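Laboratory data are not the source of any read-out in this text; all were calculated from the coordinates shown. Keep in mind that what you see is a predicted model, and the values were worked out from it rather than measured. Cβ placement follows ideal geometry from the backbone for every residue including glycine, while neighbour counts extend to all protein chains displayed.
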Amino acid sequence: MSVIIRPVEAKDKSNWIKLWCDPSESYLKFYKSVDKVTPEITESTWQRFFDEKEPVYCAVAEVDGEVIGFTHYLTHRDTWMIKDTLYLNDLYVSPQNRLSGVGRKLIEYVYNETDKLGAGKCYWCTQFENHRAQLLYTKVGVSMGMLLYCRP
Ligand SMILES: CC(C)(COP(=O)(O)OP(=O)(O)OC[C@H]1O[C@@H](n2cnc3c(N)ncnc32)[C@H](O)[C@@H]1OP(=O)(O)O)[C@@H](O)C(=O)NCCC(=O)NCCS
């Protein structure tokens, strides 16, 4: 399978929306969050990808002209470094295109972007029970051994 990883373009909007939040099969469906992320949030996130003032980015995976996956990432300040840090916020490959190295290629693209954007670190998190993703993550990254908490 020949896959291209590239920055998102305006023409990708309908494909990206489908992969992002389709009620039957999508990234937000995977996280049982289709109803939590409103159309206004989806639109705002989409607009930020194209706003030069926003440190929010999207790259897509394309196979035979079809967008089949994406990653979202953003940079932020870090008290442990002068450089910014890059947070890989989201990663998704459509079910029929998995296990062909697309997820790995998306992460490698983000690593390259980390350097291009001048960030000093690239990190992400996943759920304890997401063993499928961890099979990939243990090959391309190292566990930081942190627990993630949020305000209830
Ligand atoms: C996680 C996800 C992005 C992975 O995408 P993918 O394109 O299938 O991943 P890849 O094919 O690049 O990586 C698979 C790697 O895991 C390994 N792997 C997969 N299944 C494995 C298994 N059963 N045993 C051992 N290794 C396995 C493969 O060997 C491969 O490693 P390689 O590149 O060295 O060959 C995809 O499953 C997905 O979108 N899941 C739903 C959303 C999700 O969980 N997102 C991540 C949220 S943190």
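Taking R0 as 41 Å, what FRET efficiency do you get between Glu52 and Leu135 from their Cβ-Cβ distance, rounded to the nearest 0.05? That gives a FRET efficiency of 0.65.
Segment 55-79 and segment 16-45 have Cα centres separated by 15 Å.
Based on the Kirkwood radius over alpha-carbon pairs, what is the Stokes-Einstein translational diffusion coefficient of the chain at 4 °C with 1.567 mPa s viscosity, in µm²/s?
D = 80 µm²/s.
List the DSSP H helices in the chain whose Cα atoms stretch 20 Å or more along the helix axis and whose mean Kyte-Doolittle hydropathy is at least -1.0.
102-116
Give me the base-10 log of I(q)/I(0) for segment 1-47 at each q in 0.23, 0.26, 0.28, 0.31 Å⁻¹, Debye formula, one uniform scatterer per Cα, rounded to two decimals. For the requested q values the scattering log ratios are -0.86, -1.00, -1.07, -1.16.
In the chain, the sites counted are GluC sites (Glu not before Pro) in DSSP loop states with at most 11 other Cβ atoms within 10 Å, and the longest stretch holding none of them, exclusive of the sites, is 53-128.
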